[in-house]
1. Which cross-chain or sequence-distant (5 or more) residues have an amide H under 5 Å from the amide H of Val134, H modelled 1.01 Å from N in plane?
2. Read phi for every residue in the range 62-72 and hand back ³J(HN,Hα) as whole Hz from Karplus 6.51 cos²θ - 1.76 cosθ + 1.60, θ = phi - 60°, with x for Gly and Pro.
3. Grab the DSSP H runs of the chain that are 4 residues or longer, score each as -39,500 (n - 2.57), total them, divide by all residues and round the 222 nm result to the nearest 500 deg cm²/dmol.
4. Hey, what does the equivalent ellipsoid look like for the chain, semi-axes from the Cα gyration tensor as sqrt of 5 times each eigenvalue, largest first, whole Å?
5. Report the full-extension gain for the segment Arg121 to Ser77: residue separation times 0.36 nm, less the Cα-Cα distance, to one decimal in nm.
6. Taking Cα centroids, how far is the range 101-162 from the range 8-75 in Å?
7. Return a whole-number percent for the relative contact order of the chain, with Cα pairs under 8 Å and 6 or more residues apart as the contact set.
8. Filter the GluC sites (Glu not before Pro) in the range 47-156 down to the DSSP loop ones having no more than 16 other Cβ atoms within 10 Å, then list what survives.
Amino acid sequence: MIVRSFAPIAAPDAEILILGSMPGVASLEAGQYYAHPRNAFWPIMGDLFGVEPHLPYAERVAALTSRRVAVWDVLQSCERAGSLDTAIRAEVPNDFAAFFAAHPGIRTVGLNGGKAAASFRKHAADFLPEQARVHLLPSTSPAHAARSLGLKCALWRAALLDQALP
């Protein structure tokens with residue numbers, strides 16, 4: 001089955017870009033990034049940027065963009081049954097040349113999990129702005145629950161906000 005990602009959440013002044021691989025079934029059905037109730041993305045955004053996970057989606061999106069955080073996926077489309085990254089086939093990347101040209105202030109790219117990192121290296125790394133640093137982040141997916149939410153928050157904070165781990 002062919003699945004397609006969403007448009008980016010991004011204001012022109014974005015400085016941080018968080019990239020997933022491809023939305024899962026719950027997100028695609030809801031038409032929202034990270035809609036699965038057990039996904040740790042929105043709780044992490046609450047911890048790092050004060051974006052409360054219980055707010056309506058449109059308010060969470062507005063809060064992220066006001067904090068200069070952009071969210072997108074490496075892939076525009078792919079073949080995948082279910083939600084697992086391991087099932088992704090026939091990758092079609094998003095247009096990173098155009099995205100980075102339209103968002104010249106991106107200084108930090110956070111890759112949400114190993115598949116996002118592998119696909120970014122394969123399809124998008126050549127378009128990365130010179131000033132941008134890339135960080136592999138622990139996946140927020142409920143399929144990757146080996147690390148606690150507290151540890152994930154600490155690792156995301158250290159990477160995206162350049163603070164030392166406690």
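1. Val109
2. Running phi through 6.51 cos²θ - 1.76 cosθ + 1.60 with θ = phi - 60° gives 4, 5, 5, 5, 5, 9, 6, 10, 10, 9, 7 Hz.
3. Result for the chain, helices only: -9500 deg cm²/dmol.
4. Values: eigenvalues 87, 77, 51 Å².
Each semi-axis is the square root of five times an eigenvalue, giving 21, 20, 16 Å.
5. Extra length available between Arg121 and Ser77 comes to 14.2 nm.
6. That distance is 13 Å.
7. On the way: 288 pairs, mean separation 47.5, N = 166.
Answer for the chain is 29 percent.
8. Glu130
Coordinate-derived values only; no laboratory data. This is a predicted model, so every value here is computed, not measured. A quick note on method: Cβ atoms are made from the backbone with ideal geometry, for glycine too, and the neighbour counts reach across all protein chains shown.
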